[in-house]
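Below is one structure, written out as structure tokens; the observations come after it.
The values are calculated or read from the model by the stated rules, or taken from the named source; none is laboratory data. Nothing here was measured: the structure is a model prediction, and the numbers come from that model. Glycine also receives a Cβ, built like all others from the backbone with ideal geometry; neighbour counts cover every protein chain displayed. Heads up: the accessible areas ignore ligands, DNA and RNA and are worked out on the full protein's heavy atoms, side chains in. Shrake-Rupley method; radii C 1.70, N 1.55, O 1.52, S 1.80 Å.
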2 protein chains.
Amino acid sequence: MSDALTPAPRLHLNVNILHSGFIPSAWRLPDADPQAFIDVQHYVRVAQIAEAAKLDAVFLADNASIVEQIDFRPITALEPTVLLACVAAATSRIGLIATASTSYNEPYNIARRFATLDHVSGGRAGWNVVTTADPGSARNFGLEGTPDHGQRYARAGEFTEVVKALWDSWEDDAVIGDKQAGRFIDPGKVQPIAHRGPHFKVQGPLNLPRTPQGYPVLVQAGGSGDGRDLAARHAEAVFSASQSLDESQAYRQDLHARAAAYGRGPQAIKVLPGLATIIGATEAEALRRRDQLIDMIPWSYSLNRLAGTLGIAPDRLRLDDRLPEDIALPAGGNGNHTFFKATLALAKRHGHSVRELIRALSGGGGHRVIVGTPEQVADDIERWFRAGAADGFNLMPDALPDGLQAFTEGVVPILQQRGLFRREYEGTTLREHLGLARPAGRHSAQARAIAA
Amino acid sequence: MSDALTPAPRLHLNVNILHSGFIPSAWRLPDADPQAFIDVQHYVRVAQIAEAAKLDAVFLADNASIVEQIDFRPITALEPTVLLACVAAATSRIGLIATASTSYNEPYNIARRFATLDHVSGGRAGWNVVTTADPGSARNFGLEGTPDHGQRYARAGEFTEVVKALWDSWEDDAVIGDKQAGRFIDPGKVQPIAHRGPHFKVQGPLNLPRTPQGYPVLVQAGGSGDGRDLAARHAEAVFSASQSLDESQAYRQDLHARAAAYGRGPQAIKVLPGLATIIGATEAEALRRRDQLIDMIPWSYSLNRLAGTLGIAPDRLRLDDRLPEDIALPAGGNGNHTFFKATLALAKRHGHSVRELIRALSGGGGHRVIVGTPEQVADDIERWFRAGAADGFNLMPDALPDGLQAFTEGVVPILQQRGLFRREYEGTTLREHLGLARPAGRHSAQARAIAA
């Protein structure tokens, strides 16, 4: 029921469809289908649950190689834009955010594919802009090693500028379709971009009219200085990783300050930290579920994964000892800065042993995990939101679809009662859900008037 | 109704969804929606009509720049793999063939996206392998000019080999999903491809399990020597262009001979010439429809297009004269060989003036056009099929969806009565529709046994 007296809800919730769920052992639960990771109906089902609860968007990660230990767990397999096109056909309102790498694609192709997703979904597409650091991906694209962190981000920045220019290469009203006069498109409203930069030469225009949202929502996840700068320039939603409220507050403030330097106000960027949830009717039940899931993950797997995040050899980790003292960001700067910092901060704050740290991470890769009742989860979300530590969250349920169902049935109604979350969609596009302005288009009469 | 006594039908019919239809003026018909070219529901509707008539597949062309005269007609706009994923969600049997260029993509990305389309559609994907020759596309991907014909085909051949190897990098039974033992994938059944060639270095494996069809159906459209050779090595269906039965017979025989040299039998390649149709209840009505459509195309547009096909300046064409005598394939070999040859042959055979030639092509780009009653169209199809000039056709209705509806309601029942075309789908995959074997997989026990 919509309540006209409730103040406009501003909290945003996406769900990250990590195949069987956030916890690597989720596929081993009694109700789980091990084939879910390659079953389009699994993704459709999760998206429909999310849409019924009025969530803002579903989110799909991506890789360009096998980065997981396949003997123990599912992998990121289906290509996200094709998969989300199927999800678009089976839903009507929920946003659709797909990850695509700037390291191993061409901007023309990415501009075209995401614009297509925006057209076919009626304005629900988002692009999560990433760079790809793993050496396995480099070897799938003709390189012997990964370009270093600065190079990757320089390419990503120019890549994003080219994509935005291509999205703007058609004015909104370029398609005339005048049957009597035989005029189909006004060529004066379709302009080349003539981009000449250090990484790309792209003439344009795009071979596709401007999209329902003007262009897809730009999402980013940078934790490093380069990453934050890319986010400040271009991102409209940021999928961040913070283990504590203080860290997340500081991150959000830093991002707002950086964005201001590019003339962008705080409303232009939504900060959505990752939040893994393990929910039970009682706290004890939630903890039992956590332990059941953790006990199904081999310790060798978790040790390898933690060592990977920290950029050290697995044999330097002892389950009952604390982390080695001398851990530093891997040389060349090619680690995942966000997860590295968040993991180290968590271990230091609690004085965790390696075993306790892995348990606190629930076998995960650096995102915050909360274990508790729907009330406890809602309290935590409200606390972060009211403290200005987050504009919302990128949810990572322990297992899918049931972990999401526990959230939408248990937590969402509480957030709605507290006036924090919508009861109905107010708009039809992802931009409208997120409260983001529709870009005017750099060639439009409006944009020309503003510039004049 | 299925009839057990009817011999297994072998004729194959795809429909090429050229936005509003084959004829450039189709968008100006009274019932046409000028926005159809960017409306996913238009493509879904056409595919559903095709599926109801038990056609083999829908086919989508693609470009990497604007190659059309946008002031007069719609363009190829929506990216085909994303668009066909939506069509997959709204259909259950019909095949889904998308074009993607080997000139401006990376094999790892193409292998992944088409394998995803095969997974989400339950085994209905096909990849139309093309090279891209237009200078506008080159300028969208950092090049000043187009690589020459031979270079493009050398890249295309290696590209296709890499894609096939990636599709074969997982054995069919690599995913175990044993919850008790905690074994998810058998890493011994997922192999790198370690490809090192002149154009590509790709380590593999693909980050996606083997698909329902083994791999998507490989489609090709080569008319040049290089193109025919690529088709002979890899193609399972060929979208050819022939203006006469003799040409098509000769083309099909040549392709079978070339394929035999690679150890491939004639059953392994289906030759499907393009066939544009303009259908009326009487021949006079069909001709009136043709003239109505032609009269809505500006002559300047048709002259430009014909000049482009022939690689000459438009001012060398006079409407009431024959073609200039000295026309030769454009230097560098970057014309469309298929359309060039077909157009020249048509003009010579009939002694057409330029005006007559444009009328015979219905403003089209080199494909054969047939104007007549359903009976006449069915007779023509049967004649070509029985003469061994075609295994079926890639249909290009004059306007969509109504031109397809005229075909499925008028022509298909006649072909079914004559025992030439299926009344029900016998299988669920595109390979099954086309009568193509499922590839065994180069690492499978079966393949190893054959090799031993």
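Computed quantities for the displayed model
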quantity: Antiparallel bridges, percent of DSSP beta bridges restricted to chain A (to nearest 5); calculated: 15
quantity: Cα centroid separation, the range A:50-75 to the range B:406-445 (Å); calculated: 35
quantity: Charged-residue dipole, Cβ positions (Lys, Arg, Asp, Glu), the protein assembly as shown about Cα centre, Debye nearest 20; calculated: 860
quantity: Position residue A:144, label points 7 Å along Cα→Cβ, spacing to each other copy in nm (shortest first, one decimal); calculated: 3.0
quantity: Mean projection area, nm², convex hull over Cα of the range B:178-282; calculated: 12.4
quantity: Phi-based couplings in Hz for the range A:200-215 (Karplus 6.51, -1.76, 1.60; Gly and Pro marked x); calculated: 9, 10, 9, 7, x, x, 5, 8, 7, x, 3, 9, x, 8, x, 8
quantity: Residue (of B:166, B:194, A:58) at the positive-pole extreme of the protein assembly as shown, dipole from beta-carbon charges; calculated: B:194
quantity: Histogram of C-alpha separations across the range A:288-377, 10 Å bin width, %; calculated: 16, 51, 27, 6, 0
quantity: Mean separation of Cα contacts under 8 Å (6+ apart) over length of chain B, as relative contact order %; calculated: 22
quantity: Cα-based radius of gyration of the range A:1-122 once divided by 2.2 N^0.38 Å, which approximates compact folds; calculated: 1.18
quantity: Selection from A:117, A:87, A:182, by position along the positive dipole direction of the range A:68-200 (Cβ); calculated: A:182
quantity: Extension gain from residue B:326 to residue B:284, taking 0.36 nm per residue of separation minus the Cα-Cα distance; calculated: 11.5 nm
quantity: The range A:352-452 - convex hull of alpha carbons, volume per residue in Å³; calculated: 189
quantity: Centroid-to-centroid separation of the range A:228-304 and the range A:319-391 [C-alpha atoms, Å]; calculated: 9
quantity: FRET E, pair residue A:359, residue B:428, Förster distance 45 Å, beta-carbon r, rounded to 0.05; calculated: 0.50
quantity: Accessible-area ranking of A:229, A:391, largest first, probe 1.4 Å; calculated: A:229, A:391
quantity: Exam field: residue A:244 pseudo-label spacings to other copies (7 Å along Cα-Cβ), nanometres; calculated: 8.5
quantity: Neighbourhood net charge (15 Å Cβ-Cβ; Lys/Arg +1, Asp/Glu -1) for residue A:25; calculated: 0
quantity: Length released on extending from residue A:144 to residue A:291, taking residue separation times 0.36 nm less the Cα-Cα span; calculated: 48.8 nm
quantity: Qualifying trypsin sites (Lys or Arg not before Pro) for the range A:290-394 [loop in DSSP, other Cβ within 10 Å: at most 13]; calculated: A:318
quantity: Chain A - charge dipole about Cα centre, Lys and Arg +1 at Cβ, Asp and Glu -1, debye rounded to 20; calculated: 1000
quantity: List A:15, B:369, ordered by accessible area with a 1.4 Å probe, largest first; calculated: B:369, A:15
quantity: Segment residue B:246-residue B:348, length gained on full extension (0.36 nm per residue, minus Cα span); calculated: 35.3 nm
quantity: Using a 7 Å Cα-to-Cβ projection, residue A:315 label spacings across copies, nm, ascending; calculated: 7.9
quantity: Sequence-distant residues sharing a close amide H with residue B:126 (under 5 Å, placed H); calculated: B:96, B:97, B:98, B:217
quantity: Counting DSSP beta bridges with both ends in the protein assembly as shown, the antiparallel % (nearest 5); calculated: 15
quantity: Phi to ³J(HN,Hα) by Karplus 6.51 cos²θ - 1.76 cosθ + 1.60 over the range A:403-419, Hz, x for Gly, Pro; calculated: x, 6, 4, 4, 6, 5, 7, x, 8, 4, x, 5, 5, 5, 4, 7, x
quantity: Computed over chain A, the ratio Rg/Rh where both radii use C-alpha atoms and Rh is Kirkwood; calculated: 0.97
quantity: Theoretical ellipticity at 222 nm over chain A - DSSP helices of four or more residues, -39500 (n - 2.57) apiece, nearest 500; calculated: -11500 deg cm²/dmol
quantity: Nonlocal amide H pairs with residue B:368, under 5 Å, H built at 1.01 Å; calculated: B:242, B:276
quantity: Local electrostatic count at residue A:185 - Lys and Arg +1, Asp and Glu -1, tallied over other residues with Cβ under 9 Å; calculated: +1
quantity: Residue B:158 accessible area, assembled protein chains, probe 1.4 Å, Å²; calculated: 20
quantity: Dipole of the range A:254-354, positive direction: furthest Cα of A:336, A:280, A:301, with charges on the beta-carbon; calculated: A:336
quantity: Exercise: per-residue mean of other protein chain Cβ atoms within 10 Å, A:177-184; calculated: 6
quantity: For the range A:59-208, diffusion coefficient by Stokes-Einstein and Kirkwood Rh (Cα), 25 °C, 0.890 mPa s, µm²/s; calculated: 142
quantity: P(r) weight above 37 Å for the protein assembly as shown, C-alpha pairs, percent; calculated: 47
quantity: Tensor-based shape of the range B:262-308 (alpha-carbon gyration tensor, a/c under 1.5 rounded, otherwise prolate or oblate); calculated: oblate
quantity: Size of electric dipole in the range A:356-425: Cβ of Lys, Arg +1 and of Asp, Glu -1, about Cα centre, debye, nearest 20; calculated: 200
quantity: Distance histogram in 5 Å bins (all Cα pairs of the range B:125-245, percent per bin); calculated: 2, 10, 15, 16, 17, 14, 10, 6, 5, 3, 2, 0, 0
